[in-house]
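Structure first, then comments.
The values are calculated or read from the model by the stated rules, or taken from the named source; none is laboratory data. This one's a predicted model, so the numbers in the text were calculated from it and none came from an experiment. Using ideal geometry, Cβ is built from the backbone for each residue, glycine included, and neighbour counts are taken over all protein chains shown. These area figures cover heavy atoms from the full protein model, side chains too; ligands, DNA and RNA do not enter into them. Shrake-Rupley method; radii C 1.70, N 1.55, O 1.52, S 1.80 Å.
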Amino acid sequence: MESLFNQLADGIFTQLETEENLSLSLFAEESQFTRVNGARIRQTGLVNDCMIYLDLIVNNRRATGSLTLSGDLKVDLDSVLDELNRLREETAQLPEDPYIVLSTGGENSRTDKNGKIPDAEDSAAKLLAAMQGVDLSGIWASGRIYRGNANSAGNRHWFATDSFSLDYSLVNAEEKMVKATFAGSDWVQQDYEKSLSASIQKLKMLDSPSIKIKPGNYRTYIASAGVADLLQMFSWDGLSESSMQTGESAFLKMRNENIKLSPLFSYAEDFSNGLVPCFNELGEVSPERIELIKQGELKSCLISSRTAKEYGLVSNFAEEPEYLRSPVMAVGELPEVDVLKALGTGVYLSNLHYLNWSDLAGGRITGMTRYACFWVEDGVIKAPIENMRFDDSFYHFFGDNLEAVTTEAKINPDVGTYECRSLEMTECPGILLSSFALTL
Amino acid sequence: MDLTKLLEQLDVKADWIGLRYVDETTTYRWVRDGKPQSNNRSRSKGVMVEVLVEGQFAYAASSNVGIRSVQSAAEKAVKMARASAPYSIHQFTSEARPVATGNYNSPHQKIENSVSAGEINDLLIRSCETLKVSEKIVSTNALARIVNSDQLFVSSNGSNIEQQFLMVTTGSMAVAQEGSVVQKRSDSGMRARSWQIGMESLDENRMMNDSRRVGEEAVELLTAEECPTGTMDLILAPDQMMLQIHESVGHPLEIDRILGDERNYAGWSFVRLGDFGKLRYGSDLMNITFDPGVPHELASYNFDDGGAKAEREYIIKDGILQRGLGGIESQIRSGVPGVANFRASSWNRAPIDRMANLNLEPGESSVDDLVSSVENGVYMHSNRSWSIDDYRNKFQFGCEYAKLIENGKVTKTLRNPNYRGISNSFWNNLKAVGDKDSFEVYGTPNCGKGEPNQVIRVGHASPPCLFADVEVFGGEQ
């Protein structure tokens, strides 16, 4: 795949005219997907997909295109050249774009990680045997993922990795559920079985009858996976500089009214774990760490070079849509073993579900509690709770109501597969809140 | 693409083989504040080989459609099916893939190439200029999205289907700001103006009229009162009924969800298999149809992706649940009647139960009748926010724009209108349904579901509807 990409790039760049600036990005995967319901196989299959994106700039006009590749160099080079010609015809018709950013060259990068993942034919036996006797619903996704970037200014970037994830829910007879993700690059059968066994033990905690709690404000602990769900909202009308400038960010109050969040809350884009590509579609390399919110104070948003040009700012080389790729929330001082004691009486939430902004200007997010969520009294788990809707503002739950943050952060991989398998992840601890609004 | 010849050349042993080829081009043009943001065309084409071996379906999809690649894909699919068969959720036969031949061409007058990239950009720039009705408008957006999709399906038991679609989405949106108050208004919500149509949809008069109204309403919202909080009557305009139907009728009635396939992702349903034919889903006025034949509605088609012929069916009639939104595999697994809605987003995803065109049939009340019957209530337009629980029961939706109704008359504009409810009781409080004259057709290209995930097109048509005793509230004070 790398050889195909490099040969295509070499082939097409030699065809450019002097005034043309071209970037190429590759998104490819060789994946297996097996969908499981009730610990039985619902659907199973393989997907070999390879898309190349072209970004052509000529005379301050820009057009982009993408197409699937077959893997046959001659066929693909012809297709890519046809697309280049189409882009040339189109740019001639378009209005000028004053905020165009040209690729200017810079550092190159190459990451090629080989892992050990089960063969497609062996995966059914390896996964399913350990599941028998439990009601498990989920998705196995495995295989190799590729990302490439090259531009006419001379940059080259390559990132390839083997990865697998089993993202699943265990369900008991009363339809209560526990969620977990087993993910990595090197499959060890024993580790998988141990992880599944731990989830089965957690499911047993849901065996007692659920209680219904009334709408109201509650002391609440939200575990790392639930906090990741909240933080992922910040990629949507959130910490994007473009969203701020166009009045569409939930963080406007922090900038315009100097509102601060809790000093316990710090949030950054951080690529130091090396698991996520840090180059963008222009071939620019993000700084290893960008402080976004530090001890409650807004320090920066994600700024693409295009946004920087439009508003006279300095780019921090975000992708053009300015979404978070490898965010990390700072840990605190509450040991996980002390969480229940510190909570006292209140609600313990493992996961959240179907979040959306309910009031963007007010920073209010609504969603549902889901999976292993419990009522806790005097530091002791008493019973699972029936699902509740929450509707509260991050200006409160990461602000005045944030009482403590745990000492351990967990990596929550993005297991999304819209269009292609994601490489992104969110690393975050759990949070203890003095108050959290449950509304229905 | 000669898919029949490709099928004939394959040399694998399977109880059934199908080839599904998709060649889809999506052109997206977006202008913000009069400056081009995106002029992108994406073309994705590939083939999915599906085989049935020992009762288990398995697939292998590839962007390489040459015979060697497809042969290799078929061989791998057979091996996977065989390895998975001992763990299969159901032992299927080729009954799950009926034989069908035919075609479909979506209705349109002007093909994509009839309007140039430059002309579309000019139109979008003028739309932005028209949106900027005052200095209080701080951001303007206009977009056009055009999709051309060719889909072929052949199978070893004789299916041969070709369907071609041309679909256009237009949208405009303005953000208004005054001090710390920021309001957003669009024409009918995110990408709701999506239809099977040609470039005649890019009608300058309509687009400019819509843009002017959108800009004016965005400014109007800046000084509007906050939506009141309380339990009251609620009228939903057709562009919000779209979301209400989608989330609280469509998704809960997908049979694969009821069977538990979605539990790890989007959840399941408050509806059980035993409810079909019995459950009172809503009031007597509630009539919901799966209708693949509405001209120009976004998800009209003749065959689903398993080869089943698509026909109009009542899903809910006079408030009683009749049948589910499930294709043949789900019908076989559940024993519940369904519809032809086994659909995939593209060649690289396997079909699953997806709602398509799901409509609320018109009633007898004019819009004036609806409004004049309300003593204290709100009339909400255009979806802005949506969230619902994993059983599709407890929901909370927000809209862009609303009007207060007092003693049978529309009085003042309201901002940040939201409401919440529980699906079954909400629909049983359906008090009145607008008539044929108020019936409007919308759609969205962005319904997400499934593992692996896929985004698909849906259509929703409805008149305005009146609901009683709804919990309504405004924004953060």
Report task. Answer yes if at least one residue in region A:157-174 is within 30 Å of A:Leu16 (Cα to Cα) and of a type in the set (S, T, N, Q), and no otherwise. Result -> no
Query raised in the report: Hey, which of the strands (runs of 3 or more DSSP E) in region A:329-386, taking only ones fully inside, have at least 2 residues that are in contact with a Leu (Cβ under 6 Å, 6 or more places away or on another chain) and of a type in the set (Val, Ile, Thr)?
Result: A:364-377
Query raised in the report: When you look at A:Lys202, is it in contact (Cβ under 8 Å) with a residue 24 or more places away in the chain, open to solvent by 60 Å² or more (accessible area, probe 1.4 Å) and either among the hydrophobic types (A, V, I, L, M, F, W, C) or touching a strand residue (DSSP E or B) at 6+ places or on another chain (Cβ under 6 Å) (or both), yes or no?
Result: yes
Requested in this report: State the number of residues belonging to region A:60-74 that are closer than 13 Å to A:Phe5 by Cα and more than 8 Å from chain B (Cβ to nearest Cβ).
Outcome: 2
Requested in this report: Hey, could you check region A:393-440 for residues that are of a type in the set (Asp, Glu) and in contact with a Gly (Cβ under 9 Å, 6 or more places away or on another chain) and say which is least open to solvent (accessible area, probe 1.4 Å)?
Outcome: A:Glu424
Query raised in the report: Quick one: which strands (runs of 3 or more DSSP E) sit completely within region B:397-477 and have at least 3 residues that are open to solvent by less than 20 Å² (accessible area, probe 1.4 Å)?
Result: B:418-422, B:430-433, B:440-449, B:454-462, B:465-473
Requested in this report: Would you point out the residue of region B:114-157, among those that are within 19 Å of A:Ser242 (Cα to Cα) and among the small types (Gly, Ala, Ser), that is surrounded by the most Cβ atoms within 10 Å (Cβ to Cβ)?
Outcome: B:Ala142
Query raised in the report: Given B:Glu406, B:Glu364, B:Glu375, B:Glu400, which one is acidic (Asp, Glu), under 29 Å from A:Tyr354 (Cβ atoms) and modelled with pLDDT of 95 or more?
Result: B:Glu400
**Report entry** Filter result (within 24 Å of B:Ser373 (Cβ to Cβ) and not acidic (Asp, Glu)) within region B:461-477
**Finding:** B:Ala461, B:Ser462, B:Pro463, B:Pro464, B:Cys465, B:Leu466, B:Phe467, B:Ala468, B:Val470, B:Val472, B:Phe473, B:Gly474
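I need a count of the residues in region A:1-58 that are among the β-branched types (Val, Ile, Thr), at pLDDT 95 or above and in a loop (DSSP other than H, G, I, E, B).
Narrowing region A:1-58 to residues among the β-branched types (Val, Ile, Thr): A:12, A:14, A:18, A:34, A:36, A:41, A:44, A:47, A:52, A:57-58.
Going one step further and asking which of them are at pLDDT 95 or above, we end up with A:12, A:14, A:34, A:36, A:41, A:44, A:47, A:52, A:57-58.
Now restrict to residues that are in a loop (DSSP other than H, G, I, E, B): A:14.
Here the count works out to 1.
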Query - Criterion violated by A:Val337 - all others in (1) of a type in the set (A, V, I, L, M, F, W, C); (2) out of contact with any strand residue (DSSP E or B) (no Cβ under 7 Å at 6 or more places or on another chain); (3) free of Cβ contacts under 8 Å to residues at least 60 places away in the same chain; (4) at the interface with chain B (Cβ under 10 Å from one of its Cβ atoms) satisfied - result: (4)
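Just need a number here: residues in region A:131-180 that are over 30 Å from A:Ile12 (Cβ atoms), assigned to a strand (DSSP E or B) and among the small types (Gly, Ala, Ser).
From region A:131-180, those over 30 Å from A:Ile12 (Cβ atoms) are A:131-142, A:164-180; that's our starting set.
Those still in the list that are assigned to a strand (DSSP E or B) too: A:135-142, A:164-171, A:177-180.
Going one step further and asking which of them are among the small types (Gly, Ala, Ser), we end up with A:137-138, A:141-142, A:165, A:169, A:180.
Residues flagged as over 30 Å from A:Ile12 (Cβ atoms), assigned to a strand (DSSP E or B) and among the small types (Gly, Ala, Ser) within region A:131-180 amount to 7.
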Query raised in the report: Just wondering, is there one or more residues in region B:369-379 that are hydroxyl-bearing (Ser, Thr, Tyr) and in contact with a Phe, Trp or Tyr (Cβ under 7 Å, 6 or more places away or on another chain)?
Result: no
**Report entry** Every pair of residues 6+ apart whose Cβ atoms lie under 6 Å, when the first sits in region A:241-265 and is under 20 Å from A:Ile290 (Cβ atoms) while the second is open to solvent by 60 Å² or more (accessible area, probe 1.4 Å) and not in a loop (DSSP other than H, G, I, E, B)
**Finding:** A:Gln245/A:Tyr311; A:Lys260/A:Glu297
**Report entry** The one condition in (1) assigned to a loop (DSSP other than H, G, I, E, B); (2) open to solvent by 10 Å² or more (accessible area, probe 1.4 Å) that B:Ile332 fails to fulfil
**Finding:** (1)
Report summary line: The helices (runs of 4 or more DSSP H) lying entirely within region A:216-310 that contain at least 1 residues which are of a type in the set (Asp, Glu) and within 29 Å of A:Thr345 (Cβ to Cβ) are A:224-232
Requested in this report: Inspect region A:139-151 for any residue being more than 29 Å from A:Ala404 (Cβ to Cβ), among the charged types (D, E, K, R) and free of Cβ contacts under 8 Å to residues at least 40 places away in the same chain and give the result as yes or no.
Outcome: no
Query raised in the report: Taking strands (runs of 3 or more DSSP E) that do not extend beyond region B:98-192, which have at least 1 residues that are among the hydrophobic types (A, V, I, L, M, F, W, C) and within 14 Å of chain A (Cβ to nearest Cβ)?
Result: B:137-155, B:160-178, B:181-186
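So in region A:350-381, with the set limited to residues that are among the aromatic types (Phe, Trp, Tyr) and more than 7 Å from chain B (Cβ to nearest Cβ), which one is least open to solvent (accessible area, probe 1.4 Å)? First the steps, then the outcome.
Going through region A:350-381, the residues among the aromatic types (Phe, Trp, Tyr) turn out to be A:354, A:357, A:371, A:374-375.
Restricting the remaining residues to those that are more than 7 Å from chain B (Cβ to nearest Cβ) gives A:371, A:374-375.
On the way: A:Tyr371: 24, A:Phe374: 4, A:Trp375: 39 Å².
Only one residue fits best here, namely A:Phe374.
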**Report entry** Residue that is open to solvent by 20 Å² or more (accessible area, probe 1.4 Å) and of a type in the set (S, T, N, Q), where the choices are B:Asn383, B:Asn341, B:Asn357
**Finding:** B:Asn383
Query raised in the report: Looking at A:Ser31, A:Ser103, which one is within 30 Å of A:Val171 (Cα to Cα) and open to solvent by less than 40 Å² (accessible area, probe 1.4 Å)?
Result: A:Ser31
Query raised in the report: What are the residues in region A:310-349 that are open to solvent by 20 Å² or more (accessible area, probe 1.4 Å) and within 17 Å of A:Gly283 (Cα to Cα), if any?
Result: A:Val314, A:Ser315, A:Phe317, A:Glu319, A:Glu320, A:Pro321, A:Tyr323
Query raised in the report: Which ones in region B:64-78 are within 9 Å of chain A (Cβ to nearest Cβ) and under 32 Å from the mean Cα position of the chain (by Cα)?
Result: B:Asn64, B:Val65, B:Ala73, B:Ala77
Query raised in the report: Taking into account only those residues within region A:75-87 that are away from chain B (no Cβ under 12 Å) and more than 17 Å from B:Asp23 (Cβ to Cβ), which is least open to solvent (accessible area, probe 1.4 Å)?
Result: A:Leu84
Query raised in the report: Tell me, which residue of region A:1-19 that is open to solvent by less than 30 Å² (accessible area, probe 1.4 Å) and out of contact with any helix residue (DSSP H, G or I) (no Cβ under 8 Å at 6 or more places or on another chain) is farthest from B:Ala60 (Cα to Cα)?
Result: A:Ala9
Query raised in the report: How many of the residues in region A:206-260 are touching a helix residue (DSSP H, G or I) at 6+ places or on another chain (Cβ under 9 Å), within 27 Å of A:Glu336 (Cβ to Cβ) and within 14 Å of another protein chain (Cβ to nearest Cβ)?
Result: 2
